[in-house]
């Protein structure tokens, strides 16, 4: 009986009954009735196992293939039955395999990948056409040739790692992806990613390996770009952290400077009061002692009071306040007067050379502050050379660009050939109380004082140092067009002492008593003292007559300077006021005494300065009613 090559049916997965079938299958079952039972039996087996089941029915020479049809959750919905003669099935399968191979090769050829297959031991037996073209030996035509030199296309740096990973995979059957670079016709390399897997037979052993290399150059470039961006952001973040740390350090340093500034200002005020008391009493002793030796003793006290006043001036400078006596200073003349003092400061065993440019310009500074700064730098240089090296102070004109502006400066450059400083020490030399000297050799305040003076004078500092070579610290001060004042050869004029009634206002009893005694000894007979402004207003309101008031600027009590002057006007006390202070110029500015209407003396002032101010006050109209400047 002639029948169709293919018989097929759709079977119920629950019982194996036919849902539908073609005429060819119906004819076969009619001829072989026992086949119906075999079909039902194998259909149920296929449904139970969920996989394909083959069965050969010898009487009919048919090969039956039972294939499960599954749903979304892998449940078996029905069984597809295909029956064909054993000869036709083989031919059909072989044809299908051939067609599948051609389709597979065409599909691989269309994919941008270097595909290959190899034996379980690693010998390549097939490679994609594009891969063969890329790696084939020049004498070997491209195609499905079993031999290909894969290592020829690898970048030499990538080959060892690739061989190691693939050898490991051949040994244990575990695929390990890896990256490698492939050489192109133009000798350039592109990155690829190798993916491969073992294909196993029915017995579980590896039949062959199949793999492919995918071009990932664009991904690698994107990855590198992203990494670069991340590194840039990390660097920016690190820089931000550094800036924040520097800002915090600067804030801490600024706060410390503010505390030290207030402390220095307060100490200087108290020191000035004590120096004033000592100075007044020394003046009295000097005036009234007749014995020459005792008179010399008193004069020694007066000289040391002046030296101590220089220390107080240093403290004022460190407190950040402006120098009080700005004047044009000529460097050459300054050095002629300061040379001996600098030599004493560095010691006899240290070589000191001072070189002043012939036409070095003048600078507008407080001379005493400048002298103190140079002495301070000289002492530091002496310590750096351990008292036995060489120090050079050179002074010259220099044009320096600061920001976008060129300016003329006079440079005071102190160089030593001492031990130099480390980077860590250099970063801290302007920090208050920082010192590398022994506890009894330095306070750590010298360089901060120098820095404050230079910056308050409109200049800047520069430090250059090399360990075991030496250090150079340069002071840059703006060059001035003013000429230094000529020394007066005429002796100081004798100031006339009058008979005015004086009212002294100061909260320090020592200052009140010392000043009252000195004035009385000078010839003033009517002197009254008061603790503060409130007491003074009380005295004046009750009829006290005063020709001149000598008042401290800052005292305990509820009245400010402006309120005190206003109260004088209110009670009709038309009395001139001379203000004195142990603080510096910033206190004068703070209290509005900047317009010159009220004279201001800074402790420790001399009696001659006070007498001159009293004479000026009594010669001019009263200033008690003057308003204060708010500038």
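The values are calculated or read from the model by the stated rules, or taken from the named source; none is laboratory data. None of the values given here were measured: they were computed from a predicted structure. Methodologically, a virtual Cβ is constructed for each residue, glycine included, from the backbone with ideal geometry; neighbour enumeration extends over all protein chains shown.
Consider residue 466 against the criteria (1) in contact with a strand residue (DSSP E or B) (Cβ under 7 Å, 6 or more places away or on another chain); (2) modelled with pLDDT of 90 or more; (3) in the same structural domain as residue 421 (by TED's automatic domain parsing): it satisfies all of them except one. Which criterion is unmet?
The single condition residue 466 does not satisfy is (1).
Looking at (1) in contact with a strand residue (DSSP E or B) (Cβ under 6 Å, 6 or more places away or on another chain); (2) modelled with pLDDT of 85 or more, can you tell me which one residue 32 breaks?
Exception for residue 32: condition (1).
What's the total number of residues in the range 351-374 that are assigned to a helix (DSSP H, G or I) and surrounded by fewer than 21 Cβ atoms within 10 Å (Cβ to Cβ)?
Narrowing the range 351-374 to residues assigned to a helix (DSSP H, G or I): 367-374.
Among the residues that remain, those that are also surrounded by fewer than 21 Cβ atoms within 10 Å (Cβ to Cβ) are: 367-368, 371-372.
Looking only at that region, the number is 4.
Is it true that some residue in the range 481-491 is surrounded by 16 or more Cβ atoms within 10 Å (Cβ to Cβ), in a loop (DSSP other than H, G, I, E, B) and at pLDDT 85 or above?
no
All but one of (1) surrounded by fewer than 20 Cβ atoms within 10 Å (Cβ to Cβ); (2) modelled with pLDDT of 85 or more; (3) part of a loop (DSSP other than H, G, I, E, B) hold for residue 557; state the number of the condition that does not hold.
Unmet for residue 557, out of (1) surrounded by fewer than 20 Cβ atoms within 10 Å (Cβ to Cβ); (2) modelled with pLDDT of 85 or more; (3) part of a loop (DSSP other than H, G, I, E, B): (2).
Among the residues of the range 299-326, which ones are modelled with pLDDT of 75 or more and surrounded by fewer than 20 Cβ atoms within 10 Å (Cβ to Cβ)?
Answer for the range 299-326, where residues must be modelled with pLDDT of 75 or more and surrounded by fewer than 20 Cβ atoms within 10 Å (Cβ to Cβ): 299, 300, 301, 302, 303, 304, 306, 308, 326.
Contact list please: Cβ distance under 7 Å, first residue in the range 161-180 and exposed (fewer than 15 other Cβ atoms within 10 Å of the Cβ), second residue modelled with pLDDT of 85 or more and assigned to a helix (DSSP H, G or I), pairs at least six apart or on different chains.
176/165; 176/168; 176/169
Filter the range 388-414 down to the residues that are assigned to a loop (DSSP other than H, G, I, E, B) and closer than 17 Å to residue 454 by Cα and list them by number.
none
On the basis of being modelled with pLDDT under 65, surrounded by 12 or more Cβ atoms within 10 Å (Cβ to Cβ) and farther than 30 Å from residue 37 by Cα, does residue 136 make the cut?
So residue 136 fits the description; yes.
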